[in-house]
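Step one of this worksheet: look at the structure below.
The values are calculated or read from the model by the stated rules, or taken from the named source; none is laboratory data. Because the structure is a prediction, the values reported are computed rather than measured. Quick reminder, even Gly has a Cβ in these numbers, built from the backbone with ideal geometry, and neighbours come from all protein chains shown. Calculation scope for accessible area: heavy atoms of the full protein, side chains included, ligands and nucleic acids excluded. Shrake-Rupley method; radii C 1.70, N 1.55, O 1.52, S 1.80 Å.
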Amino acid sequence: MATPMIPPTTLPPKDLVTGHPRGGAKARERVGQAFLHLGLIIIACLTLIPIMNMLTMSLKDNGQIYARFWALPNPARWQNYVAGFRAMWGYIVNSLIVSVSSMFGVVILASISGYVFARHRFPGRDTLYIVVISLMMIPGMMTLFPSFMLMNDFGLLDTRWALILPWMSGGQVFGILICRGYFAGLPQELFEAARMDGAQEVELFLRIAVPLSWPIMVTLAIMNLVGTYNDFLWPLLTISSPSRQVVSVGLREFTSQHGITDWGPRMAAYTVATIPLLLLFLFGMRYYIQGVTSGAIKA
Amino acid sequence: MHASPRAMYGAWHRRPTITRRRAVHLLGLLLALLCLTPLPVAADSRVSWDYTAENSILAIAASTDYGVIAVAARDNNVYVFDDEGNLQWQYGGRNSMTGVDVSDDGSLIVTSNLDRQLRLFTRDGELLWEFQGARGFIDCAITSDGEHIVGISYEGRTMTMLTRDGTELWTKNLVMPLYCVDIYGTGENRRPVVGTGDSQIRVLNKDGDQLLAVQLDAYVRDVVVSANGARIAAALEYGSIVYVSGATGQVIWRHETQRSGTGDRSRGIGMSADGQVVMAGVSYGNIFVYDAEGNVKQTADVSQQPIEAILVSQDGSLLAYGGQDNLLRVIDRAHFEDLVTGAARARRNLIIGMGAGIAIVIAFFAVLFSATAWGRHAWHETLAPSRRLLAAMWRSRISYLMLLPTFALLLTFNYYPAVSGLYHGFTRWTPGLRAQWIGLQNYRAAFNNEYLFVGVKNAVLFIVTGFLQLLSPLLVAELIFNLTSPKAQYWWRTVFIFPMVVPGVVSILLWVNIYDPNYGMLNKALDLFNLQNLQRVWLGDEKIALWAIIFMGFPWVGALALLLFYGGLIAIPTELFDAAKVDGCNFVQRFWNIDLPLLLTPIKTLVILGFIGGVQAFGNVFLTTGGGPGHSTYTPALEMYYQATLFDRMGSASAIGTLLFVVILTGTILNLKYIRGSETEFQA
């Protein structure tokens, strides 16, 4: 805010009831806010340029794109979307199946293990926890090909399990990290009270811990879904048949398929590929923002 | 409860126990038994001689009298021996020596090398000439009189013929990848025979025109022709050995060496000059010897590794083979059988020996703990804490049980691959075949890899620019944070989170489109402002491709970074801001003294994530330029990917992966040590 230098002994005049600045300060503040909004508008426009480009191009044909790039599509070729949809639909279904399955696995495993690490006491607890967390430092690159060979040895190559299982296993590491932090922060009295009422360990977990941790679980679920939906290299390596391929790799296949570049249907396909995440965000964005900004994610 | 330890000790003494001396005797007896177990017996070495190179043997050739035996190996050397196995001389090139051939009288030796050279040596090792080709040579052959030399290139798909003095006669592009070559006849009747990637054996004439093509069903890994060209034997990729008439192309016999359900391949083939004895080596380490009718006369399992090169002496009595176990062996055919039994016996003995050893160790400890006074004391006293620990663990068994699924998955899919990656960095590893320990060779190769060096430089650039790109979300977070209306804050947060719905691959491909020279927004925008001279092929220009990739994602407002910064800002207590206003801070001062220090936790998190991401940068390069143009946009991760997928060198890829891990580990530790998070107290 562009507040000018104020003499040390006075505060900017504020209405004691509403808290809004009074007098000339209000005008100054309005100007300041206007600048903020202006800056944000500019940056937002820059950010949205590629997306707008995608949407406008998706309704044109190559001729329109080449000759009249900056004009709106006229006529709008909705049939591009038919082609795009047909191309992407199978990949999207596969992606959803695989991502949602692994998401469930991660949330369940991470919450159980996070809870155990947070609230149980047993020999080797801290050591085991460090062992789990240190896995985050192993780069995906290092384990990439050995994991591939492992899938080969299990005979799981080119199956959905080849995607689900490693994603579950990898995702739970981060999940355990944030779940443990969260569960450790729950007040002890709740559990004491329940124990006095005769609850068993498992009940404590299911009836008290889980309902309270709903926000963090949703955050974890969303992060996991987005992460696995975007994962490119692993499905590229392990899945070879198009019927089981996921969106990220499918997009690339689709892109390099056609001889002559037909940008309209391509952009339509990109748009179609974006739809699942869009829907996810419409429903879950609030929780995601809440989860990240609440400070749950720390190094 | 027990009485005093002293009394206990005394009680033990009263029982009949084994004294210390007797315990020692017992131990000695056990050790003696251990020594007697059948130790692995060295294979009966009635071979003529062996030689171990530093890497796979790729080709063997010899003069008629076996007086000159030349061997080409992947350790970049060619070795020349006499018939008794004494090394006469060796020559080192800059890349794998892929092929070698010797003229009949042994006076000339030609070598082919992946460093694009064909070289001709005299018998004594004097280099007569080097011929530089456009691409690496994969095999070579010399006519029996030594007058003409032919070399083939796999990548370049070309065959080159030269004369003895190094003059290039012709280079022909044969369209298909070429794998192996042999030549028969001399002078005007010289005929190169080549094995191709479209599963053909082709016989050409002296000018390279095709005379005969034999269509087979798998590509031809190695080929050999009899002296008069009447018979051609070939090893095919998917396990067959074929024996073909050199005149008509008719397949006389074929033998299936592929074991069912496996990816076995035939690798090396040799034949006597009259075509009567054929010998083949396969990927599972076996050798087959056939007669002219295709009957398997002998077979032996001589190695765990593929046999790459075979030589049969002109009269068929002497055999030589070498393969990925780096071992060259020259043997008399009559003594061939002995090799089999020796190896199998050795393996059996090893297993028995190990089993016996383990049993003896267990027995030793059992006796120690139960029978000796000292042992019993140790069990009850010194090991007591351990036993208490085990008891505590048993009590918490439900915790362990609940953790079991997690750890089962982690061990299988995270720990095992990590350890495997670490181990295989020291091996040569091709899928389907057993890994072979080669020590630090992969690492040495990595340090000589120019692609990797470019990659490191690029990765550093990515990391540094990645850090700089964090300024954008920081800026936006500050802008949003300083808005007074909560509704406005909420709305703008949503707007900037929104781009997260675009999948990563899509956003990269969208930028590929923006950079497209004809349909892309960037060049079109330059058009609009009449700045056509600034137009470029953004991703195709060596000098700017890398920067184009770095620029992708402009204006770099990452959703996660934004939220972390924003969360950090709203966590700062308002008293601090009020106090700052009282003290008369303007915005810049406030930012520098309050916001930044208290944002150190998100900054630290993002620095680590950015560092790890930058070191492993793969997607944005792979989807845009694939490392090109040239190798200007290579990254280490990309090189690792190519090593494994294009070159089948998973061991080398694992080594690179381990190096990346070490880098990341170092960076993370440094980060954790030197950038303090903002859990530190602040003075109001």
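To the nearest 100 Å², how much accessible surface do chains B and A hide from each other in total, with a 1.4 Å probe?
Numbers: alone 36180 and 18720 Å², together 46020 Å².
Summed over both sides, the interface buries about 8900 Å².
Cross-link partners of B:Lys206 among aspartates and glutamates, defined as those whose alpha carbon lies under 14 angstrom from its own and excluding same-chain residues fewer than eight positions apart: B:Glu147, B:Glu168, B:Asp182, B:Glu188.
Kirkwood hydrodynamic radius of the protein assembly as shown, from the reciprocal of the average inverse Cα-Cα distance over all distinct pairs: 33.9 Å. Here, the range B:505-566 is characterised by an Rg to Rh ratio of 1.07, where Rg is the alpha-carbon radius of gyration and Rh the Kirkwood radius.
Across chain B, Cα pairs under 8 Å and at least six residues apart give a relative contact order of 9 percent. Ignoring any ligand, DNA or RNA, what whole percent of the accessible area of chain B comes from carbon and sulfur when the probe is 1.4 angstrom? In chain B, the share of accessible area belonging to carbon and sulfur is 59 percent. Among rounded, prolate and oblate, which fits the range A:164-299 when a ≥ b ≥ c are the square roots of the eigenvalues of its C-alpha gyration tensor, a/c under 1.5 means rounded, and a/b larger than b/c means prolate? Taking the square roots of the gyration eigenvalues as a ≥ b ≥ c, the range A:164-299 is prolate.
For the protein assembly as shown, the solvent-accessible area of protein heavy atoms averages 47 Å² per residue (probe radius 1.4 Å; ligands and nucleic acids excluded).
Here the scattering of chain A is modelled by Debye summation over its C-alpha atoms, one equal scatterer each and no solvent; at q = 0.09, 0.11, 0.12, 0.16 Å⁻¹ the log10 of I(q)/I(0) is -0.70, -0.90, -0.98, -1.23. Gyration tensor analysis over the Cα atoms of the range A:98-204 returns equivalent ellipsoid semi-axes of 33, 16, 11 Å (largest first, whole Å). Along the Cα→Cβ direction, 7 angstrom out, place labels at B:Phe364 and A:Leu55. What is the inter-label distance in nm? According to this spin-label approximation, the distance is 7.7 nm. Which FRET efficiency, nearest 0.05, do B:Thr171 and B:Asp315 yield, Cβ-Cβ r, R0 41 Å? After rounding to 0.05, the efficiency reads 0.70.
At q = 0.16, 0.29 Å⁻¹ the log10 of I(q)/I(0) for the range B:385-431 amounts to -0.65, -0.95, computed by Debye summation with a single uniform scatterer per C-alpha, solvent ignored. Extending 7 Å from the Cα toward the beta-carbon at both B:Ile351 and A:Ser134 defines two label points whose distance is 3.6 nm.
For B:Ile252, the residues whose modelled amide H falls within less than 5 Å of its own, excluding neighbours fewer than 5 places apart on the same chain, are B:Tyr243, B:Val244, B:Ser245. In units of the compact-protein estimate 2.2 N^0.38 Å, the range B:574-678 shows a Cα radius of gyration of 1.62. Restricting the calculation to Cα atoms, the range B:610-662 yields a radius of gyration followed by a Dmax of 10.9, 30 Å.
With heavy atoms of protein chains only and a 1.4 Å probe, what residues of the range B:564-588 have at least 40 Å² less accessible area in the full set of chains than alone? When all protein chains are present, B:Leu564, B:Lys581, B:Val582, B:Gly584 each give up 40 Å² or more of accessible surface. For the range B:392-465, the alpha-carbon coordinates run over 57, 40, 23 Å along the three principal axes, in decreasing order. Using bins of 10 Å that start at zero, the share of Cα-Cα pairs per bin across chain B amounts to 3, 11, 16, 16, 14, 13, 12, 9, 5, 1, 0, in whole %. Residues of the range A:133-164 losing 50 Å² or more of accessible surface, assembly versus chain alone, probe 1.4 Å, please list them. Residues passing the criterion (a loss of at least 50 Å², heavy atoms only) are A:Leu135, A:Met137, A:Pro139, A:Met141, A:Met142, A:Phe145, A:Pro146, A:Met149, A:Leu150.
Straight-distance candidates among the lysines for linking to B:Lys487, with alpha-carbon spacing under 30 Å and chain neighbours fewer than 8 residues away dropped: A:Lys14, A:Lys26, A:Lys298, B:Lys581, B:Lys604. Taking only the alpha-carbon positions of the range B:236-338 and ignoring solvent, what does the Debye formula give for the base-10 log of I(q)/I(0) at q = 0.14 Å⁻¹? The Debye formula, applied to the Cα set alone, gives -0.48.
What order do you get for B:183-192, A:221-230, A:123-132 when each peptide is scored by the mean count of other beta carbon atoms within 10 Å, highest first? Walk me through the numbers on the way to the answer.
Values: B:183-192: 17.9, A:221-230: 22.7, A:123-132: 14.7.
Going from most to least packed, we get A:221-230, B:183-192, A:123-132.
Count Lys and Arg as plus one, Asp and Glu as minus one, and take only other residues whose Cβ is under 10 Å from that of B:Gly156; the net charge is then +2.
In this structure, A:Ser240 and B:Asp583 have a Cβ-Cβ separation that, at R0 = 56 Å, corresponds to a calculated FRET efficiency of about 0.30. Ranking B:Trp429, B:Trp491 by solvent-accessible area of protein heavy atoms (1.4 Å probe, all protein chains present), from largest to smallest, gives B:Trp491, B:Trp429. Counting only other chain Cβ atoms within 10 Å of each residue's Cβ, the peptide B:414-425 averages 6. Pull out a ≥ b ≥ c, the square roots of the eigenvalues of the alpha-carbon gyration tensor of the range A:30-94, then state rounded if a/c is under 1.5, prolate if not and a/b is larger than b/c, and oblate in the remaining case. In terms of gyration-tensor shape, oblate.
In order along the range B:170-186, phi translates into HN-Hα couplings of 7, 10, 10, 8, 9, 6, 9, x, 10, 10, 7, 8, 9, 9, 10, x, 9 Hz, rounded to whole numbers, per the Karplus curve 6.51 cos²θ - 1.76 cosθ + 1.60 with θ = phi - 60° and x for Gly and Pro. Projected onto their three principal axes, the Cα atoms of the range B:63-142 cover extents of 36, 22, 18 Å, largest first.
With both labels modelled 7 Å from their Cα along Cα-to-Cβ, the A:Arg28 to B:Leu87 distance reads 8.5 nm.
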